[in-house]
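First up is the structure itself, then whatever we jot down about it.
The values are calculated or read from the model by the stated rules, or taken from the named source; none is laboratory data. Nothing here was measured: the structure is a model prediction, and the numbers come from that model. Positions of Cβ are generated from backbone atoms using ideal geometry, with glycine treated the same way; all protein chains shown enter the neighbour counts. Accessible surface is based on the protein model in full, side chains and every heavy atom, while ligands, DNA and RNA are left aside. Shrake-Rupley method; radii C 1.70, N 1.55, O 1.52, S 1.80 Å.
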Amino acid sequence: GAVVSQHPSRVICKSGTSVKIECRSLDFQATTMFWYRQFPKQSLMLMATSNEGSKATYEQGVEKDKFLINHASLTLSTLTVTSAHPEDSSFYICSAEQRGVGLGNEQFFGPGTRLTVL
Amino acid sequence: QKEVEQNSGPLSVPEGAIASLNCTYSDRVSQSFFWYRQYSGKSPELIMSIYSNGDKEDGRFTAQLNKASQYVSLLIRDSQPSDSATYLCAKSGTYKYIFGTGTRLKVLA
């Protein structure tokens with residue numbers, strides 16, 4: 001159980017285009033999903049927290065107009081990188097929070113999307 | 001002080017040995033703690049969560065939590081070369097999870 005999928009796994013695009021990444025929880029409902037970015041040999045960086053039916057909460061320094069997040073259902077969140085530039089090239093990873101019964105919640109990660117902007 | 005601190009390593013252990021990974025955190029409020037494994041170029045994978053003081057065992061993995069000392073560790077018994085990865089410690093925060101920078105483990109064949 002607790003499987004999170006992400007699509008696409010890899011995308012190459014031209015500078016100035018927009019790219020949409022989908023994150024799905026396949027076998028559980030996720031009220032909360034998270035979007036991270038990771039540059040080579042660096043730590044995970046949380047970009048935003050996505051809550052179903054409400055606006056995402058962005059971390060300091062993350063441009064909400066550039067990284068559009070939509071969490072329209074309990075199993076799907078999307079991240080759109082608008083007007084992508086080469087500096088946006090990175091590994092984007094989503095995660096979904098599974099609510100625990102009696103214990104704490106747990107966070108499960110999708111496989112990630114490697115974005116290359118030419 | 002960072003909220004979650006880990007030694008970046010690398011920690012090198014011979015095959016078959018016990019690998020001990022450590023993590024300290026800065027507050028007394030957090031209730032939930034997690035260990036993730038991340039292979040190079042892949043996303044993190046949850047190994048274990050721990051919520052109570054003491055030890056929790058799952059196969060070759062044992063997590064240890066000491067809330068008074070604000071310390072959580074992960075022991076990997078009978079380490080294998082396939083365990084070579086970066087191990088991320090995390091704690092639950094307010095509406096999000098806080099990660100350490102990870103410890104790189106190398107298991108030498």
Mean Cβ count within 10 Å, highest first, over the residues of peptides A:111-118, A:49-56: A:111-118, A:49-56
What does the convex hull of the Cα atoms of the protein assembly as shown come to per residue, in Å³, rounded to a whole number? 126 Å³
In Hz, Karplus ³J(HN,Hα) per residue of the stretch B:20-26 (6.51, -1.76, 1.60; θ = phi - 60°; x = Gly, Pro): 10, 10, 10, 8, 10, 9, 9
Answer with one residue from A:Ser5, A:Trp35, A:Thr17: the one whose Cα lies farthest towards the positive end of the charge dipole of the stretch A:1-55, charges on Cβ with Lys, Arg +1 and Asp, Glu -1. A:Thr17
Taking the chain alone as reference and the full protein assembly as comparison, with a 1.4 Å probe on protein heavy atoms only, the residues of the stretch B:77-102 that lose at least 20 Å² of accessible area are B:Tyr95, B:Lys96, B:Tyr97, B:Phe99, B:Thr101
Where N is the number of residues in chain B, Cα Rg divided by 2.2 N^0.38 Å: 1.01
Quick one: if you take sqrt(5λ) for each eigenvalue of the C-alpha gyration tensor of the stretch A:1-79, what semi-axes come out, biggest first, whole angstrom? 20, 16, 14
List of the stretch A:68-109 residues, accessible area with partners at least 10 Å² below that of the chain alone (1.4 Å probe): A:Phe91, A:Ile93, A:Glu97, A:Leu103, A:Gly104, A:Asn105, A:Glu106, A:Gln107, A:Phe108, A:Phe109
Computed for B with A: buried accessible area summed over both chains, 1.4 Å probe, rounded to 100 Å², at 1400 Å²
Averaged over A:42-51, how many beta carbons belonging to a partner chain fall within 10 Å of each residue's beta carbon? 3
Can you return the lysines within cross-link range of A:Lys66? Criterion is Cα-Cα under 27 Å, with same-chain partners fewer than 8 residues away left out. A:Lys14, A:Lys20, A:Lys41, A:Lys55, B:Lys42, B:Lys96
Find out how many positive minus negative residues lie around B:Gln38, taking Lys and Arg as positive, Asp and Glu as negative, among other residues whose Cβ is under 11 Å from that of B:Gln38. +2
